[in-house]
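Scroll down for the structure; my scribbles are underneath it.
The values are calculated or read from the model by the stated rules, or taken from the named source; none is laboratory data. Please read these numbers as outputs of a predicted model, since none were measured by experiment. Quick reminder, even Gly has a Cβ in these numbers, built from the backbone with ideal geometry, and neighbours come from all protein chains shown.
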């Protein structure tokens with residue numbers, strides 16, 4: 001799925017993975033709400049990501065502390081039983097007081113959390129980019145010259161893709177056709193000082209044939 005890229009000794013390679021599809025019978029934006037687990041399809045999607053990453057010599061797997069990300073990380077870790085799996089708040093879901101809002105209501109706004117922010121204490125795209133950068137600097141410090149997995153969430157992966165692809169940190173760069181699917185993978189190879197040397201995005205192949213998915217990863221009802 002990905003061509004081999006040399007990792008600089010003073011850089012790092014990060015595979016950002018969006019969690020698999022979530023069991024969401026209430027059809028809401030779950031955000032940071034607890035106890036939202038993977039659906040059966042989401043588990044198979046995570047297995048697909050795990051197959052892609054099974055041959056990568058990883059130093060560690062990091063996950064958001066939310067259940068769906070931890071479950072995805074554990075599935076990926078089956079192919080890497082000897083490496084640590086760690087949780088970190090640095091790649092947790094966005095902070096938004098709109099969590100709990102229906103998908104139908106958010107579809108009507110094109111999932112606009114940012115321009116303008118509905119609430120002053122919600123995260124901005126720049127805020128999200130800053131914590132992604134902080135996480136990447138930590139990885140370069142802890143695992144120089146190595147590759148890691150970071151299991152995270154849709155907007156976090158979308159902002160990381162925009163940041164390291166040199167796109168504007170704006171809503172148009174993280175919505176629409178460029179929005180990452182569930183269990184998709186963004187590989188970023190970094191040089192010193194977070195210099196992006198290679199940015200590659202892909203969706204692991206699925207055995208199942210499923211209907212199109214909306215932004216939050218639920219297949220259409």
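The table that follows gives values for the structure above.
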read-out: Residue satisfying condition, being over 22 Å from residue 139 (Cα atoms) and buried (at least 17 other Cβ atoms within 10 Å of the Cβ), within set 61, 103; value: 103
read-out: Qualifying residue in the stretch 143-160 (condition: buried (at least 18 other Cβ atoms within 10 Å of the Cβ) and free of Cβ contacts under 8 Å to residues at least 40 places away in the same chain); value: yes
read-out: Conditions (1) in contact (Cβ under 8 Å) with a residue 24 or more places away in the chain; (2) part of a loop (DSSP other than H, G, I, E, B); (3) over 17 Å from residue 150 (Cβ atoms); number of the one not met by residue 42; value: (2)
read-out: Test for residue 9: is it touching a helix residue (DSSP H, G or I) at 6+ places or on another chain (Cβ under 6 Å), in contact (Cβ under 8 Å) with a residue 60 or more places away in the chain and farther than 13 Å from residue 153 by Cα; value: no
read-out: Residues within the stretch 30-44 that are in contact with a helix residue (DSSP H, G or I) (Cβ under 8 Å, 6 or more places away or on another chain) and farther than 25 Å from residue 95 by Cβ, tallied; value: 1
read-out: Residue count for the stretch 84-111, restricted to those that are in contact (Cβ under 8 Å) with a residue 60 or more places away in the chain and closer than 20 Å to residue 24 by Cβ; value: 16
read-out: Looking only at the stretch 45-76, and only at residues there that are outside any helix (DSSP H, G or I) and more than 15 Å from the chain's Cα centre (by Cα), the one that is farthest from residue 150 (Cα to Cα); value: 55
read-out: Filter pass, residue 177 being out of contact with any helix residue (DSSP H, G or I) (no Cβ under 9 Å at 6 or more places or on another chain), more than 16 Å from residue 19 (Cα to Cα) and modelled with pLDDT under 95; value: yes
read-out: Filter pass, residue 35 being out of contact with any strand residue (DSSP E or B) (no Cβ under 8 Å at 6 or more places or on another chain), in contact (Cβ under 8 Å) with a residue 24 or more places away in the chain and outside any helix (DSSP H, G or I); value: yes
